[in-house]
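Student: Just passing along the structure, written as structure tokens.
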Amino acid sequence: QGHFVYGQRTNDIHYSAFTIEQQKLLTDCMESLPNHAQVSVAIIENGMATFLGFRKDMDSVLPINNSDSVFEIGSITKAFTATLLADLVIKGSLALEDDINAHLDYDLKDNLKITFKQLVTHTSGLPRVPPALSSPSLSLANPYKDYSEKELKTYLTNFLILDTVPGAVSSYSNLGFGLLGHVLEAAADHTYEELLSAQIFSKYNMDKSTTDRAKIHDRLVTGINDQGEQVPNWDMAVHMGAGGILSTTRDLSKFALAHFDQENKTLAMTRTKQFEVTDNYSMGMAWGLITSESGDMWTWHNGGTGGYTSSMILNTKDKSGVIILSNISALGQLTNNIMGLAPALMTSLER
């Protein structure tokens, strides 16, 4: 099975053979996917990343070197938005308990106050998306594209209705993270892309990561649906902070390895428990914190857009992790095959 492995050794990334169990998990997953499917995987053990890629063509599963191919990472973007917030908190520019209101040039409906902590832990009470984006008649081909700052302001000032009392429960909100990214732009006086580039992408040498599709169009893998048909890319507009990043498994592995640096206070802050949901699941800053069957803590986030499904799990104690990027739509049924692959691979590392 050695022909599944490609590559060389570089400074902090080591290519080596996957186990037979891991290869079977991957090939079984690929066989369930349609033609034109691609999956790019990084498995991290002892602080070293191994890459493996597959493509489905003519009903055959083929190995492919796609660690530098670009995919929409969807909601894994939220971990990066949280990192930008943690950076500002560590620098003393703001505090998690601060209201976001001071950074808006308008008042929220009913003079509602929301804190940065509530946004970054999904405890703001904001709905998952604004009502305009949850309409049954909304086209899901590119749903966020025309929802601009203007629409966001109109909604927040005139029509905002919370689902729950702020701070009471953690309920997933793309709207909340879209708003958080928007507020961080105002607080730092830079665009979201500029903040990512300066504080994260440049710092960790993630040179193929961006929110600007034009920059990486030649590397972008085409998104598909469950039938293998091409689907449009998503433009996140004012919701950029909720799911607008495009990246590669190699770049995300660099971000993962940085989490293993105990001196990195910003990244450690994002993994710190902020809100307990159940006995074995808590919210960090964007990250879900899961107690695994082995008793270890998994730092986890999934992502999905109209043409892509992604997953990322880290175990900072063991310096291990799994990163999966795919061009399988999160709107179909096959997204579950990708979502289930990450914890299965992660469990294989703990044996």
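Student: Counting just the residues of segment 143-179 that are under 25 Å from the mean Cα position of the chain (by Cα) and of a type in the set (Val, Ile, Thr), which one comes out farthest from Ile245 (Cα to Cα)?
Tutor: Among residues in segment 143-179 that are under 25 Å from the mean Cα position of the chain (by Cα) and of a type in the set (Val, Ile, Thr), the one farthest from Ile245 (Cα to Cα) is Thr164.
Conditions (1) assigned to a strand (DSSP E or B); (2) open to solvent by 10 Å² or more (accessible area, probe 1.4 Å); (3) at pLDDT below 95, marked per residue:
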position: Ser253; (1), (2), (3): no, no, no
position: Ala256; (1), (2), (3): no, no, no
position: Met269; (1), (2), (3): no, yes, no
position: Ser294; (1), (2), (3): no, yes, yes
position: Thr299; (1), (2), (3): yes, no, no
position: Gly303; (1), (2), (3): yes, no, no
position: Ser310; (1), (2), (3): yes, no, no
position: Leu314; (1), (2), (3): yes, no, no
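Student: I need the full set of residues from segment 272-287 which are more than 14 Å from Leu314 (Cα to Cα) and either assigned to a loop (DSSP other than H, G, I, E, B) or open to solvent by 40 Å² or more (accessible area, probe 1.4 Å) (or both), in order please. Walk me through how you get there before you give the answer.
Tutor: Step one: filter segment 272-287 for residues more than 14 Å from Leu314 (Cα to Cα), giving 273-283, 285.
Listed by number, the residues that qualify are Lys273, Gln274, Phe275, Glu276, Val277, Thr278, Asp279, Asn280, Tyr281, Met285.
Student: Answer yes or no as to whether Gly241 is modelled with pLDDT of 95 or more and surrounded by 22 or more Cβ atoms within 10 Å (Cβ to Cβ). Please lay out each step first, then the result.
Tutor: Values: modelled with pLDDT of 95 or more: yes; surrounded by 22 or more Cβ atoms within 10 Å (Cβ to Cβ): yes.
Judged against the criteria, Gly241 is a match.
Student: Among the residues of segment 280-299, is any touching a residue at least 60 places away in the same chain (Cβ under 8 Å) and touching a Gly at 6+ places or on another chain (Cβ under 6 Å)?
Tutor: Looking through segment 280-299, none of the residues is touching a residue at least 60 places away in the same chain (Cβ under 8 Å) and touching a Gly at 6+ places or on another chain (Cβ under 6 Å).
Student: Related question: Across segment 193-224, what is the total count of residues that are open to solvent by less than 20 Å² (accessible area, probe 1.4 Å), among the polar types (S, T, N, Q) and part of a helix (DSSP H, G or I)?
Tutor: 0
Student: Checking the conditions here, which among Leu133, Leu140 is under 24 Å from the mean Cα position of the chain (by Cα), under 25 Å from His301 (Cβ atoms) and in contact (Cβ under 8 Å) with a residue 60 or more places away in the chain? So that I can check it myself, show each step before the final result.
Tutor: Working: Leu133 fails: in contact (Cβ under 8 Å) with a residue 60 or more places away in the chain.
The unique qualifying residue is Leu140.
Student: Something else about it: Just checking, how many residues over segment 186-230 are under 18 Å from Ser40 (Cβ atoms) and among the β-branched types (Val, Ile, Thr)?
Tutor: Matching residues across segment 186-230 total 5.
Student: Would you please name the residue that is least open to solvent (accessible area, probe 1.4 Å), looking only at residues in segment 44-69 that are without any contact (Cβ under 8 Å) to a residue 40 or more places away in the chain, over 22 Å from Leu220 (Cβ atoms) and part of a loop (DSSP other than H, G, I, E, B)?
Tutor: Asp59
Student: Where residues in segment 20-43 are in a strand (DSSP E or B) and among the small types (Gly, Ala, Ser), which of them is surrounded by the most Cβ atoms within 10 Å (Cβ to Cβ)? It would help to see each step written out before you state the result.
Tutor: Of segment 20-43, the ones in a strand (DSSP E or B) are 38-43.
Cutting the leftovers down to among the small types (Gly, Ala, Ser) gives us 40, 42.
On the way: Ser40: 28, Ala42: 25.
Here the answer is Ser40.
Student: Considering only residues that are assigned to a loop (DSSP other than H, G, I, E, B) and free of Cβ contacts under 8 Å to residues at least 24 places away in the same chain, look in segment 162-192 and name the one that is least open to solvent (accessible area, probe 1.4 Å). Show your work before the answer.
Tutor: Filtering segment 162-192 down to residues assigned to a loop (DSSP other than H, G, I, E, B) leaves 162-173, 189-191.
Next, only the ones that are free of Cβ contacts under 8 Å to residues at least 24 places away in the same chain stay: 189-191.
On the way: Asp189: 128, His190: 96, Thr191: 64 Å².
The extreme case among them is Thr191.
Student: Say we look at segment 321-337 and pick out the residues that are small (Gly, Ala, Ser) and open to solvent by less than 10 Å² (accessible area, probe 1.4 Å); which of these is farthest from Gln230 (Cα to Cα)?
Tutor: Taking segment 321-337 as the starting set, the residues that turn out to be small (Gly, Ala, Ser) are 321, 326, 329-330, 332.
Restricting the remaining residues to those that are open to solvent by less than 10 Å² (accessible area, probe 1.4 Å) gives 321, 326, 329.
Details: Gly321: 30, Ser326: 13, Ser329: 10 Å.
Taking the candidates together, the pick is Gly321.
Student: Residues in segment 101-133 that are closer than 21 Å to Ser75 by Cβ, part of a loop (DSSP other than H, G, I, E, B) and in contact with a strand residue (DSSP E or B) (Cβ under 9 Å, 6 or more places away or on another chain): how many?
Tutor: 5
Student: Checking Gly92 against (1) closer than 28 Å to Lys254 by Cα; (2) surrounded by 16 or more Cβ atoms within 10 Å (Cβ to Cβ), which single condition isn't satisfied?
Tutor: With (1) closer than 28 Å to Lys254 by Cα; (2) surrounded by 16 or more Cβ atoms within 10 Å (Cβ to Cβ) applied to Gly92, the lone miss is (2).
The values are calculated or read from the model by the stated rules, or taken from the named source; none is laboratory data. If you're wondering where the values come from, they're calculated on a predicted model, not measured in any experiment. No Cβ is skipped: glycine too gets one built from the backbone with ideal geometry, and neighbour counts run over all protein chains shown. Just so you know, the surface numbers come from the protein's heavy atoms only, side chains and all, with ligands and any DNA or RNA stripped out. Shrake-Rupley method; radii C 1.70, N 1.55, O 1.52, S 1.80 Å.
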